[in-house]
Each structure stands twice: as structure tokens, then as C-alpha cells.
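Student: Mind looking over this structure? Questions follow.
The values are calculated or read from the model by the stated rules, or taken from the named source; none is laboratory data. If you're wondering where the values come from, they're calculated on a predicted model, not measured in any experiment. Cβ placement follows ideal geometry from the backbone for every residue including glycine, while neighbour counts extend to all protein chains displayed.
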Amino acid sequence: SAKIVVHLHPASSNKEPGPFQSSKYSYIKLSFKEHGQIEFYRRLSEEITQRRWENMPTGQTIQVNKDPQAGRTRAVGIVGIERKLEEKRRETDKNISEAFEDLSKLMEKAKEMVELSKSIANKIKEKQGDITEDETIRFKSYLLSMGIANPVTRETYGSGTHYHMQLAKQLAGILQTPLEERGGIMSLTEVYCLVNRARGLELLSPEDLVNACKMLESLKLPLRLRIFDSGVMVIELQSHNEEEMVASALETVSEKGSLTADEFAKLVGMSVLLAKERLLLAEKMGHLCRDDSVEGLRFYPNLFLTQS
Amino acid sequence: LLQAKYKERGTVLAEDQLAQMSKQLDMFKTNLEEFASKHKQEIRKNPEFRVQFQDMCATIGVDPLASGKGFWSEMLGVGDFYYELGVQIIEVCLALKHRNGGLITLEELHQQVLKGRGKFAQDVSQDDLLRAIKKLKVLGNGFGIIPVGGTYLIQSVPAELNMDHTVVLQLAEKKGYVTVSEIRSSLKWETERAKQVLEHLLKEGMAWLDMQAAGEPQYWLPALFTELYSQEITPEEAKEAIP
């Protein structure tokens, strides 16, 4: 990195006391790790020529003046700089400890809310059917606001509040075109990234997304959530029929003799994740057989079925 | 009649409590707003404070990241910070998946995420990454956190990794590779068991086989190649990351 070396004159005999009485070095080295040296050199040269510090009204002695209005410390010289740093440190510490204090108080109040919600949940559990659905929904939305897990179902998702219903409808609108562009199916992680990148602010949490998607089918929206055996979650267009896609996958594999998930993905223009799921589904339906070796997982048409 | 009366009482009590909760919620919202106006910056700028905040929430049974619609997220802005981080984590993992089979060390993930965020973005700690990843699990993509030798391996594919696989990964962490003999001597396993585990890792693309090593074949884990760490994500890889 760039360096500027500043050579110092020997100390004058009437030098004021400072942090150090003497040093074995006669220079200081300034290192610039991320640029700035040009501008700095210019200003340094200027100041060394002008020597404005020799004409400062506070003069030779190091004084610490308290500005009564601002309550700040005005200081000159290295000791002054040190004092300012120390004050900044103290203030930062004070900020942090104040923040912690305030945080603790806040948490106490939050804890009360958690206790109250547990009590309500117990009542709901005991009196199944005596609490109106409206009140249950209200309760769930309170839990959502506080970030408290639903004490009855023990899930933090699957909460089904009005918010999630609205979100589900929004998603149906947003995802229609992207889904069509991608062959009718997208993984939930793809959806998460797509939606949040589009939003920029007020992003969805992963749980918000899952909760909303769980309501798609019951709200009769043109999309649905599907969970494969592997646990992979996807959103499909209602019009999309994965089982039909399996038939065309079988054709593709037959044409090539055999395919791995990677190869199939490249051929068809799908993500490897979804390609694998399709091939696995085809296998589950009996159309494909696997050859599982260290070279990878390869799928063949199931000749046992077709040629028996 | 007595039964009915008791039942009625019970319902009334629950309704009362709901009304009480609603009031307390409004008050809490005000308290939180006040807290946010004074300390929102602290959360944004100070990773240690974020850790404290999260730990305190966990202690009392509150998840500030459960929903973007929650008070915490809306008023403190913690939500957006972690959900955006989630997107960045997914992108890095997707881009590098073909290199490492879906396993990456927390260090490398951290480096790549920081690079992607740029010089002027808010600082992100490893703890922040772990919290974001824990939230991503719910998306069903196989996100997982595997402790190895003092740090963590982050899994981002739905491959099944059981205790046997994990233990071998931990063994491999020291040198970046492992052999059947090492597994046999350290873990006291039969050859067959060791081979099964290694073959599974090979199939998943998480391990590479070096048959030309002196002595016996070595099974290397790309996720643990420290030399590859600062390798840039190529444009082709970046394209793979954005579906």
C-alpha cells in the first residue's frame, strides 16, 4: 500500500510535555490501504507550508475548554485528540449500555405477552368450539405480531392469518408469468429470491412465504404448493401436471438411452434440483430405473416394464 | 345449569384475556417504537448487539424473524436485514454448488457474501449468517448446518447426511481429505461402512476421488479446499444462481 513518510525535526528544548518524552525514531510513516494518499499529501504539504497551528488563538499551552452550550470538549494537540477518542469511546459504551438497559426493559414486557398468550392458548385448548373462529384468527395475528410460536399447534408457521391470505393472493398474481416462463414449476427457494428481490423493502420471511403458499389451494388460486418426498417444496401452476411431464421426460431419456439429473436439466432447460425431482417421480411411477454408482445417479427407461 | 354457567364463564374469561392482550399489544408496539427511535442504529451497526438481542428474544420465547409482518421486523428493520441476507446466501450456494456439491464452509460463505454485498454495505457477521440460514431451512431446500472442527459446514442441497457422514466430514476437516485407513483407525469402523459413507459423498458431488495419491486413494472435499477460498464466482456461475 502507498506510504507517506514524514521526517521530523529534533525536538526543541522547550518542548511541552506530551504522551512521550522522546522517541528513537525521527519519522512517522503513514500507510494508505485504500487510497486517499494523493489528497492527504496535498493537504499535509499545504499545512506544513502554512503552519496554521502556530497561530492558533489558544497558543502554546494545551487547554481544555468546555463549551457550556454544547457540553462538548474543545481541545488542542495530541492530548486533545486522545481525550476526544476517549470521550467517543465512553459515549459509545454509554450508548450500548443504555441500549442494553432499554432492551432488557423491553424484553420484560415482551415476556408478559408470551405468558398471556400461553394462558389464552390453554383456554382455547380446553374449550374447543367455544371460541369463535374470528377470535382464533385474531389471536393468531397477535402471535404473528409478537413473533410468538402458536402454543396450541406448536408451529411458528401454518398460522393462516388474514395477512397470509392476502399474501397468497398477491403471490398468485406475481408468480403467474414467471411460472409460465419456467415450465409451470419453481422451487420455493427460487420463489423466495424472486419475490424478495422484486420487493426491495418489507421483505417476506421464509415462514411468511411457506404459510401463504399453504393457503393457495384452499383459496382456490391458480397455483399450488407441492412437497416432494425429498422434502423439496415447489409451486406449480394448477394447470401444470407433473405426472404428464413425466411422460415427456421418459421420452427424452429413451431418446438418449440414459441421463443423469445434470444432463437432463441442461437438455430441458430446468434447474438441476427440479430435474432430479422429475426423474425421481418418474422412477416412483415405474417408468425409469436407476443406476446408482460412484459415477453418479443415472436413469434408464424401465425395460422390465416395457419388455416383459 | 351450573355446568353451563361455568362454561360461559370460561369463554368470557378467554375473551377478556384476548381484549387484554390486544391492549397490551398496542402498548408494546409503542414501547418498541420508542426503543427503535433510540436504538435502531445500534442494531444495524453492531453485530454483538444483534447477538444479544436475538439471545434475549430466544430466552423469552419470541422469534423476531418469524414474520416480516411482526413488530420487530417492521420497527427495528431486523427482518429485512436477515431476509435479504437469506437471498444472498442462496445465490452464493447455488453459484458454487457445482464446485462443492452443496457443501461450503461458513468462512467461505461469509467471504463470498461480503464480496457480493460490496464495500459500502452494512457489516455482516458469521452469527448473522447462521441465523439467516436457520430461517431458510423452512423452504425445504435442504439447508443445514453441520458443526466441524470449531466451525460449520453449510449444506444447501436436499442430500441426506446422517451421523456417519457428518462424522467423516469432521474427520476430513483437518486436512481437507480423508482415507479409508484413517476412518478405520480413528473411528474404529469396518472398511465396508467407511466405503459406503465415502461413496455417498462422491455420488453427491461433495467429495472427489484422488486415485493417484501415494499409498491409498484419498477422498477430498472441495468445500474444505482453503486454496479455493478467494476464487471469484465466475459470470457463468453467477448466471446459474439467478433463476
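Student: Which residue pairs have Cβ atoms closer than 8 Å, lie 6 or more positions apart in sequence or on different chains, and pair a first residue in the stretch A:252-267 that is surrounded by fewer than 18 Cβ atoms within 10 Å (Cβ to Cβ) with a second residue that is among the hydroxyl-bearing types (Ser, Thr, Tyr)?
Tutor: Listed by first residue and then by second, the contacts come to A:257/A:300; A:258/A:300; A:267/A:252.
Student: How many residues are closer than 16 Å to residue B:222 by Cβ and within 13 Å of chain A (Cβ to nearest Cβ) when one looks only at the stretch B:176-198?
Tutor: Going through the stretch B:176-198 one residue at a time, the tally reaches 1.
Student: Quick check: anything in the stretch B:199-216 within 14 Å of another protein chain (Cβ to nearest Cβ) and of a type in the set (Phe, Trp, Tyr)?
Tutor: yes
Student: Does residue B:49 qualify as being surrounded by 20 or more Cβ atoms within 10 Å (Cβ to Cβ), at the interface with chain A (Cβ under 7 Å from one of its Cβ atoms) and assigned to a helix (DSSP H, G or I)?
Tutor: Answer is no for this residue.
Student: When you go through (1) buried (at least 17 other Cβ atoms within 10 Å of the Cβ); (2) within 14 Å of another protein chain (Cβ to nearest Cβ); (3) part of a helix (DSSP H, G or I) one by one for residue B:137, which number turns out not to apply?
Tutor: Looking at each condition in turn, residue B:137 falls short on (1).
Student: Separate question: Tell me, which residue of the stretch B:119-134 that is more than 13 Å from residue B:54 (Cβ to Cβ) and within 14 Å of chain A (Cβ to nearest Cβ) is surrounded by the most Cβ atoms within 10 Å (Cβ to Cβ)?
Tutor: Only one residue tops the list, namely B:133.
Student: On to the next question. Taking the stretch B:52-102 as the region of interest, how many residues are more than 10 Å from chain A (Cβ to nearest Cβ), closer than 23 Å to residue A:112 by Cα and of a type in the set (S, T, N, Q)?
Tutor: The number of residues fulfilling the criteria is 1.
Student: I'd like to check something: does the stretch A:162-183 contain any residue that is outside any helix (DSSP H, G or I), farther than 21 Å from residue B:159 by Cβ, in contact with a Gly (Cβ under 6 Å, 6 or more places away or on another chain) and touching a residue at least 24 places away in the same chain (Cβ under 8 Å)?
Tutor: No, the stretch A:162-183 contains no residue that is outside any helix (DSSP H, G or I), farther than 21 Å from residue B:159 by Cβ, in contact with a Gly (Cβ under 6 Å, 6 or more places away or on another chain) and touching a residue at least 24 places away in the same chain (Cβ under 8 Å).
Student: I'd like the residue in the stretch A:216-231 that is away from every other protein chain (no Cβ under 14 Å), among the charged types (D, E, K, R) and over 14 Å from residue A:188 (Cα atoms) and, out of all such residues, is surrounded by the most Cβ atoms within 10 Å (Cβ to Cβ).
Tutor: Among those residues, the one meeting the criterion is A:217.
Student: Quick one: which of A:285, A:270 is within 13 Å of chain B (Cβ to nearest Cβ), of a type outside the set (Gly, Ala, Ser) and surrounded by 13 or more Cβ atoms within 10 Å (Cβ to Cβ)?
Tutor: Matching residue, one of A:285, A:270: A:270.
Student: For the stretch B:160-175, does any single residue satisfy the condition of being within 12 Å of chain A (Cβ to nearest Cβ), within 30 Å of residue A:235 (Cβ to Cβ), modelled with pLDDT under 90 and under 21 Å from the mean Cα position of the chain (by Cα)?
Tutor: Yes, the stretch B:160-175 contains a residue that is within 12 Å of chain A (Cβ to nearest Cβ), within 30 Å of residue A:235 (Cβ to Cβ), modelled with pLDDT under 90 and under 21 Å from the mean Cα position of the chain (by Cα).
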